[in-house]
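Each remark here refers to the structure printed beneath this line.
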Amino acid sequence: MRSPRREVLLAVVLLALAGCGGPPAPDAAPSRGAASEAAGPTAVPTPPGPRAFTLVATGDVLPHTEIIQQAKEDAGAAGAGGSTGAGGYDFTRMLAGVKPVIAAADLAICHMETVYGADGGPFTGYPSFKSPPQVARALKDVGYAACDTASNHTLDDGPAGIRHTLDAMDAVGLKHTGSARGEEEAGRPVLLTAGGATVAQLAYTYGTNGIPLPQGQPWAVNLIDRDRILADARAARAAGADIVVVSVHWGTEWQDAPNEQQLSLARDLAAEPEPGRPVVDLVLGTHAHIPQAYEKINDTWTVYGMGDQLAGHMFNPTGAEDPRGNWSSIARFTFSPPAAPGQRWTVTKAEFVPQVTDLGPPYRVLDLREAVRAHPDRADYATALDHIRSVVLSRGAGAAGLSMAP
């Protein structure tokens, strides 16, 4: 039996519905009353579907003995301040100067030149590197999503070095490509996501300083082979990649200009079997220790050499200390989604950011634009910026749309 109170409530509800024309249709937007106005504006949902995104890439992370020592000192200073000190080695302070650039990107890729040792060491610098595994945590903290690990130092500590390196990257959620712990891992493309696009990163090196591949492990590190790279790129497309990025450790150390292998391979990787449909979308070069040119070939941007992002005192073949070994560029490309179904993602903005490893002490990686603004009296900063800009633009990249980020 209905109570009088329930009858009254039902009548009030019916009158209210009649007065406002009944309940809103399921698809109608609800009206905003005083309560919703007081709560503030509602969030605007992100439009569905693909969107433009930025990809940044940087050069060789090369922890010399003095860089390892700096990380140990930084960890001690952090510990004194009440933080953990990252297990005895803290590389985050050295990279903090470029974190705003790296972290702001939708997708960031680094090049890990050296392999890691077991936690606790021993660790070594040049000529046979074995770096603290805490480097991986710092790279992740800066904002990198993945690193390529194919270099002439990949076999410095044999299979153990590869295992320690990739294990440390896995532990912090940093993806990797270029070396492998097993055959299945070596044959699996690394797929990243940004802006709704699937991005495949592949990596190869010209050699391993004469160290032979481990017996029975020809897949331990990827060596440059034109036909293999193209086949791997096509396989990545078949696996669902919208964009294929190839990282290559190549070139002649301390030479500003790309060598013949770089020029020839770049042309082959930028080939277009069909107009506007390259096999490879972006080529990222490392190894030369100094900045090299950017060049657009067909629709594919090639960075011949980004230079060393993090390194200690660098000496050129004459034995002289050479500051160019601490100068580099950050490559930044904006990819935009296809203009029509069946078309490809394209680079709609190409930029570079100059950077420097300031040898201090302490050793610090700096955004050179900000360093010049903050220290207009530092002639060495101005010289470095001018040199980087000149070399980066030396093969017509400016006319093709490349500019230094403001």
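The values are calculated or read from the model by the stated rules, or taken from the named source; none is laboratory data. All values reported here derive from a predicted model rather than from experimental measurement. Every residue, glycine among them, receives a Cβ derived from its backbone with ideal geometry; neighbour counts consider all protein chains shown.
Looking across the stretch 216-226 at every residue that is without any contact (Cβ under 8 Å) to a residue 60 or more places away in the chain and of a type outside the set (A, V, I, L, M, F, W, C), the one that is surrounded by the fewest Cβ atoms within 10 Å (Cβ to Cβ) is identified as G216. Checked against the criteria, Q255 does not count as polar (S, T, N, Q) and touching a residue at least 40 places away in the same chain (Cβ under 8 Å).
Annotation note: of L263, L213, the sole residue that is at pLDDT 95 or above and either out of contact with any strand residue (DSSP E or B) (no Cβ under 8 Å at 6 or more places or on another chain) or crowded, with 21+ Cβ neighbours inside 10 Å (or both) is L263. Of the residues that sit in the stretch 315-335 and are touching a residue at least 24 places away in the same chain (Cβ under 8 Å) and aromatic (F, W, Y), which one is nearest to V135 (Cα to Cα)? Going through the qualifying residues, I end up with W327. Taking the stretch 371-406 as the range and being of a type outside the set (F, W, Y), assigned to a helix (DSSP H, G or I) and surrounded by 16 or more Cβ atoms within 10 Å (Cβ to Cβ) as the test, the residues that pass are A371, V372, A384, L385, H387, I388, R389, V391, V392. Checked against (1) in contact (Cβ under 8 Å) with a residue 12 or more places away in the chain; (2) out of contact with any Gly (no Cβ under 9 Å at 6 or more places or on another chain), P127 passes all but a single condition, namely (1). Within the stretch 151-204, how many residues turn out to be among the basic types (K, R) and either surrounded by 23 or more Cβ atoms within 10 Å (Cβ to Cβ) or within 30 Å of A52 (Cβ to Cβ) (or both)? Here the count works out to 2. Scanning the stretch 172-197 for residues that are free of Cβ contacts under 8 Å to residues at least 40 places away in the same chain and in contact with a helix residue (DSSP H, G or I) (Cβ under 7 Å, 6 or more places away or on another chain) yields a total of 4. Scanning the stretch 159-208 for residues that are of a type in the set (A, V, I, L, M, F, W, C), part of a helix (DSSP H, G or I) and within 23 Å of G143 (Cα to Cα) yields I162, L166, A168, M169, A171, V172. Counting only strands (runs of 3 or more DSSP E) that sit completely within the stretch 239-354, those holding 3 or more residues that are of a type in the set (V, I, T) and under 20 Å from Y144 (Cα atoms) correspond to 243-249. From the list A43, A103, A78, pick out the single residue that is within 23 Å of the chain's Cα centre (by Cα) and modelled with pLDDT of 50 or more. When all the criteria are applied, what remains is A103.
Selection of the stretch 272-321 for residues being among the polar types (S, T, N, Q) and on the phi > 0 side of the Ramachandran plot yields only N298. Listed by first and then second residue, the pairs linking a residue in the stretch 303-314 that is under 16 Å from H387 (Cβ atoms) and among the hydroxyl-bearing types (S, T, Y) to a residue that is modelled with pLDDT of 95 or more and assigned to a loop (DSSP other than H, G, I, E, B), with Cβ atoms under 6 Å apart and 6 or more places separating them unless they lie on different chains, are Y304/P258; Y304/Q292; Y304/A293.
In this structure, P133 qualifies as farther than 20 Å from A288 by Cβ and in contact with a His (Cβ under 8 Å, 6 or more places away or on another chain).
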